[in-house]
Amino acid sequence: MSLATLFEPGPGTAGEQVQAILQAVRRHLAMDVGFVSEFISGRRVFRFTDGRTSSNPITVGGSDPLEKSFCYYVARGMMPELMHDAREDPIAADMPVTHDLPVGAHLSVPLRHLDGTTYGSVCCFSFTPDRSLTNRDLGLLRLCADLVGAILHRDRRAAAERDTRRARVEAVIASKAIEIAYQPIFSLGEGRLKAFEALSRFSAEPRRGPDLWFAEAAEVGLGEELEFLAVERALAGLDTLDPALTVTVNLSPAAIVSPRLPVAFAGVPLERVVVELTEHVGVESYEALRQALAPLRARGLRLAIDDVGAGHATFRHVLDLAPEYIKLDMSLIRGIDRDAARRALAESISTYGRRTGCDVVAEGIETEAEFGALRDIGVTCVQGYLLGRPMSLAEAVRMPLAARFPDAGP
């Protein structure tokens, strides 16, 4: 992997670190020019440079034949790493560059892979000879070369890991390797099955939860592709399910403002679709979200805010986006029958929902006591393992519309 790929500019990047190291050592040695080069296909390519004046003859991205450079002979042990006056070395004295630049004092240390092979160099030189340079100065340049090498090794390893992560996400997308599990959502008031939430399941290695797959896809720049693949797979079940049922799909803010959004829902009966806004990195613009959703909501699409009660951001989503559904986070549901604070918050949200005409969905219900507390609080819809686990499309099709709620006591 090329230094040009690894050392990209930006605060705190490997490139910025290398540039700072090069500048510091050049100034300390009082050299006119310093540079870091990479050896590629018989050429020496300059990746970083630092100079005392604007007359620096080395330009980033420039190159010359490797075997006509000092770096080549230093790496092969045919020229010393430290020269007080390059014209005194028999090989350097015969090289045109020594007189054309000119090169006076010169220090060069090869950059080597862990197996010892050379892939570049760190060099400093002055236009005039310098008899004051010592082995201690050379030692400093070697230390800097070690630091540059360590940064490169770290970033090469990180880049390889990124490539591996991206490749496995690409493989999932290419093979459409997402299975959809449908979890039922019931209307308490109507006493019937109302909808299914479409949940993604991955069988590819490594075996892990969908949140980690989507997070990794976002990290490698494939988040939208994976999200819309999941939507495509989920909506494929609409024609099979009872027409009275809706399907909810999860999308991040980035996916909602993507140009892919209208394409993904083209030709879909949107009156049977609910988009759940999932949010892990924050909303950059509520206006952009509203504009992206407006044409689809005009065609019947409904919006749900997921994980309400898990953090303050979800309340802002509710206020700024006016959803049709508010989904109470399972962290708020857990043990709500025994926790006055959780109950009070859920009651407040349910009251808000009634006043604004917004359905409140309690998800993650696992016990009859939780169900009873939520029924008393006045949530309008319920979801959770107590009522129905995620299931295959074939199982969802066979599920009766009439609900059987647990006897939660008086």
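Observations
- Under 13 Å, Cβ to Cβ, from Gly34 - net charge with Lys/Arg +1 and Asp/Glu -1: +1
- Rounded to the nearest 10 degrees, the inclination of helix 312-321 to the longest alpha-carbon principal axis of the chain is 70 degrees.
- Helix 223-235 and the long axis of the chain differ in direction by around 30°, with both axes built from C-alpha atoms.
- Cα-based shape type of segment 276-327, given that a ≥ b ≥ c are square roots of the gyration tensor eigenvalues and the cut on a/c is 1.5: oblate
- Neighbours of Gln183 by Cβ distance under 10 Å: Lys/Arg scored +1, Asp/Glu scored -1, total -1.
- R0 of 22 Å, Cβ-Cβ distance Arg154-Glu205: FRET efficiency to nearest 0.05: 0.30
- Nearest-ten-degree value, helix 286-298 long axis tilted from longest Cα axis of the chain: 40 degrees
- Taking a ≥ b ≥ c as the square roots of the eigenvalues of the alpha-carbon gyration tensor, segment 296-410 is classed oblate because a/c is 1.5 or more while a/b is no larger than b/c.
- Extension gain for Leu143 to Asp94 (0.36 nm times residue separation, less C-alpha to C-alpha distance): 14.6 nm.
- Whole-number percent relative contact order across the chain, with pairs defined as alpha carbons under 8 Å at least 6 apart: 11 percent
- Option label - semi-axes √(5λ) of the Cα gyration tensor in Å computed here, alternatives (1) 37, 26, 22; (2) 34, 22, 21; (3) 66, 21, 18: (3)
- Here the peptides 179-185, 154-160 are ranked by packing, the mean other Cβ count within 10 Å, and the order with the highest first is 179-185, 154-160.
- Cβ-Cβ distance of Ala341 and Ser175, R₀ of 51 Å, FRET efficiency by 1/(1 + (r/R0)^6): the value works out to about 0.65.
- Where GluC sites (Glu not before Pro) fall in DSSP loop in segment 368-410, at most 10 other Cβ within 10 Å: none
- Ranked by the mean number of other Cβ atoms within 10 Å per residue, highest first, peptides 161-171, 384-394, 300-310 order as 300-310, 384-394, 161-171.
- When Ser348, Ser37, Ser63 are sorted by how many other C-beta atoms sit within 10 angstrom of their C-beta, beginning with the fewest, the order is Ser348, Ser63, Ser37.
- For His317, His84, the sequence from fewest to most other C-beta atoms within 10 Å is His84, His317.
- DSSP beta bridge pairing in the chain, given as percent antiparallel to the nearest 5: 65 percent
- Mean separation of Cα contacts under 8 Å (6+ apart) over length of segment 3-162, as relative contact order %: 22 percent
- Relative contact order of segment 176-398, defined on C-alpha pairs under 8 angstrom at six or more residues apart (%): 21 percent
- Oblate is the label for segment 202-268. Its Cα gyration tensor axes, ordered a ≥ b ≥ c, give a/c of at least 1.5 and b/c at or above a/b.
- Ellipticity estimate at 222 nm from DSSP helix runs (n ≥ 4, -39,500 (n - 2.57)) divided over the chain, nearest 500: -12000 deg cm²/dmol
Where a number appears in this text, it was derived from the coordinates with a stated rule and is not lab data. For clarity, every value in this text was computed on a predicted model and none was experimentally measured. Neighbour counts are summed over all protein chains in view; Cβ atoms, including those assigned to glycine, are modelled from backbone coordinates with ideal geometry.
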